[in-house]
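Scroll down for the structure; my scribbles are underneath it.
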Amino acid sequence: MIQDNEDGTYEVTVIDFDNSQRSWFVVDIGTVVWTANMEWYYKGGYESNPDYEVKFGQYKAWIMDSYGWNIT
C-alpha cells in the first residue's frame, strides 16, 4: 500500500502473508514491485509525472538493496 504525502514523499506498507503460497522468494519481490508500479501507473504514471521512471527506478533499487541483491 502506498500513501502519497503532501511533501512529495511516500509511505509504503507491505503486508506479508508469508505462507499463503509456495513459490520462489523472488515472487515476493516481484509482487511488491508490480503492485507499486500498477498503483503509481494508474495514479497518473507517465502523463502526469515526468520523473515516473526515475522515481520507480529508485524504488526498485531500494527494494533490491534491502534484499542485498544487485540490480542488472
If you rank Asp4, Asp51 by fewest surrounding Cβ atoms within 10 Å, what's the result?
-> Asp51, Asp4
HN-Hα J couplings of the range 32-41 from phi, Karplus 6.51/-1.76/1.60, θ = phi - 60°, integer Hz, Gly and Pro as x?
-> 5, 5, 4, 4, 4, 4, 5, 5, 5, 4
Two-site label geometry, Met1 and Ile29: point separation in nm, points 7 Å out along Cα→Cβ = 2.6 nm
By per-residue mean of other Cβ atoms within 10 Å, what is the highest-first order of 7-14, 61-68, 32-39?
-> 32-39, 61-68, 7-14
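No value in this document is a laboratory result; all are computed from the given coordinates. Computed from a predicted model, the values in this text were never measured in an experiment. Neighbour counts run over all protein chains shown; Cβ positions are idealised from the backbone, glycine included.
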